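Single-structure report; data block below.
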Amino acid sequence: MEPLDRLKGFLELILTPSLPVFAAGALVVLLVPVLLHFYLYRATANAGLPSVLLLGPSGAGKTALLTLFERSASTSTRTSQTPAQVELAVSEDGTSGFRDDLDAAGGAAKKFLLVDTPGYGKLRGTAEARLARATKLRAVVFVVDGGALAEPEGVAAAASYLYDVLLFLQKRAGSGRGSKAPPAVPVLIAANKADLFTALPAALVRSSLEAELARIRTSRSRGLLDSGVGADDVDAAQGDGWLGEYGAEKFSFAQMLEFDVEVDIAAGNVTGDGPGADKWWSWIADKI
Ligand code: GDP
């Protein structure tokens, strides 16, 4: 009987309004959220900075762009870096330019990593690996050489790479259907080298890439048909590798919105005279 009596005594004690009971209760109520906050805060702080990935065919100007942004970053906002990635910051309201000295201006800044993807041989396959590896991916800046896009080979190289990138993001959006869809990753097509008179303006960059992506889409689905898999398999496989609106003859970047992938295009340049890189920077700042 003794343990029961003790339990009864204990219950009576905690159920009787008294100062120590109130004090203990208040302590629990106040402390739990505070401890929870610190626990969760530490968990997110450890997860690292948000990242923006630079992708695009070789020679497009990715390294040049990274270097431009890096040089403008004030040294104290850049703590760790490897040649392929640089830590940058934009003001809390996202309005600071890449040349602004945020330390001088004071106030809070949002930090992020700009990650270059240098040196690769084959285009296909690598885009997926890089995207899959990126942590806290916020945005993709796909750099193309606006001058090279005037040539058919230039468009073909850029579009086949872009196809893989967009298809990866499309599948990613569909992968976590329901409660846990991964956050949407917007894409900026940075049409570089606008200082060259041969460079295509943004509207032409859009239309030529869209036309080439449609062509790639058709030829890839034909490739599946020719490879001798059964018609049912083809239907399933096509749905898998088909970019944008299934069955549509024309491709437009707007079709990617269906998968939460927003695609913007802006022309600019890293070197020479032209619109410069301000538009790209403010696009990035907006996504951080
Ligand atoms: P990556 O392979 O994409 O990293 O390309 P790079 O950054 O190495 O640039 C390839 C070449 O394009 C280099 O010779 C750059 O100097 C040149 N380049 C980069 N940006 C521009 C630009 O805005 N205008 C011109 N005219 N050339 C550029």
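Within the set Lys136/Lys193; Lys62/Lys136; Lys136/Lys287; Lys110/Lys287; Lys171/Lys250, which residue pairs have Cα atoms separated by over 18 Å? Over 18 Å Cα-Cα: Lys136/Lys193; Lys62/Lys136; Lys171/Lys250. Solvent-accessible surface (1.4 Å probe) assigned to Glu128 amounts to roughly 100 Å². Placing dummy labels 7 Å off each Cα toward the beta-carbon, the span from Ser219 to Val28 is 6.9 nm. Listed peptides 134-146, 258-270 appear in the order 134-146, 258-270 once ranked by packing, highest mean of other Cβ atoms within 10 Å at the front.
Modelled spin labels at Arg6 and Asp286, positioned 7 Å past Cα toward Cβ, are 6.8 nm from each other.
The values are calculated or read from the model by the stated rules, or taken from the named source; none is laboratory data. Quick caveat, the model's predicted, so the values are computed rather than measured. Note that we place each Cβ from the backbone using ideal geometry, even for glycine, and neighbour counts take in every protein chain shown. Just so you know, the surface numbers come from the protein's heavy atoms only, side chains and all, with ligands and any DNA or RNA stripped out. Shrake-Rupley method; radii C 1.70, N 1.55, O 1.52, S 1.80 Å.
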